[in-house]
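Quick notes on the structure that follows.
Laboratory data are not the source of any read-out in this text; all were calculated from the coordinates shown. Here the structure is a predicted model, which is why all the values come from computation and not from measurement. Cβ coordinates were reconstructed from backbone atoms using ideal geometry, including for glycine residues, and neighbour counts include every protein chain displayed.
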Amino acid sequence: MTDHNDLLKSLRQITQAIDLYSRRLSKETGLTAPQLLVLQALARRGREKPSEIARAVSLSQGTITSIVDRLSRAGLVTRQRSETDKRVIDVVISAKGSARLADAPEPLQKSFVEAFNALHDWEKTLLVSSVQRIANMMNADGFDAAPILDVGDLSRADRSD
């Protein structure tokens, strides 16, 4: 029978895999995984309200505001008044943002999703319930977390998104 050390070792390995991908993403593009997801959402949809971006990438609106601030300072997105309601500000990907997105590697979660989808339904259910139980045991089940594989923010200036 395995013990808690085997589980903790596996959790550390998962964290390391995510961290390595995040470092590669940051090195190659200067973006964090959440920033990449926001740019991808904007590229798919054109212009978006921050609340719509938050729903699309499963992050809080406050987190989106912080990410958009950083992307805007980097010239990757702009804020523009809505064409239909001048009280509303939309976020629009810039040409520089589109170019940065084109150079980005595939998200780590893409290979994970492909492998997960190849499992039998009972295996998926077992994995999800087990990991949810682990999150609960670690008092982490109440954290605001998006379904993206990222270990914190790797931006050089701030570590909040």
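Between residue 104 and any residue 5 or more places off or on another chain, the built amide H atoms are never under 5 Å apart. Derived scalar couplings between HN and Hα for the range 9-23 equal 4, 5, 5, 5, 4, 4, 4, 5, 4, 5, 4, 4, 5, 4, 5 Hz in order, rounded to whole Hz, by the Karplus curve 6.51 cos²θ - 1.76 cosθ + 1.60 (θ = phi - 60°), x for Gly and Pro. For the chain, what is the mean residue ellipticity at 222 nm derived from helices alone (per DSSP H run of n ≥ 4: -39500 (n - 2.57); sum divided by total residues; nearest 500 deg cm²/dmol)? Taking each H run of at least 4 residues, the total per residue is -19000 deg cm²/dmol. Between 50, 34, 105, find the one with the highest GNM mean-square fluctuation for the chain; connect C-alpha pairs within less than 10 Å. Evaluated over the chain, the most mobile residue of the options is 105. Highest mobility in the GNM of the chain, judged by mean-square fluctuation with C-alpha springs under 10 Å and restricted to 82, 22, 94, is found for 82. Treating r as the C-beta distance of residue 3 and residue 110 and R0 as 25 Å, the FRET efficiency rounds to 0.15. This ranking places 19, 121, 103 by how few other beta-carbon atoms lie within 10 Å of each, fewest first, which gives 121, 103, 19. When the Cα centres of the range 52-90 and the range 19-41 are compared, how far apart do they sit, in Å? About 17 Å separates the Cα centre of the range 52-90 from the one of the range 19-41.
Ordered by the count of other Cβ atoms within 10 Å of each Cβ, fewest first, 63, 78 give 78, 63.
Close amide H pairs (under 5 Å, H built 1.01 Å from N) link residue 89 with 82, residues at least 5 positions away or on another chain.
Here are labelled values, [x] 1.02; [y] 1.41; [z] 1.17, and one is the computed Rg/Rh (Cα atoms, Kirkwood Rh) for what I pasted. Which one? The value computed from this structure is option [x].
Applying a threshold of 31 Å to the alpha-carbon distances of 9/49; 96/124; 27/110 flags 9/49; 96/124 as lying beyond it. Tell me, what is the FRET efficiency for residue 102 and residue 65 to the nearest 0.05, using R0 = 30 angstrom and their Cβ-Cβ distance as r? Once the sixth-power term is evaluated, E becomes 0.75.
Pairs of alpha-carbon atoms within less than 8 angstrom and 6+ residues apart define the contacts here; what relative contact order does the range 4-137 have, in percent?
21 percent
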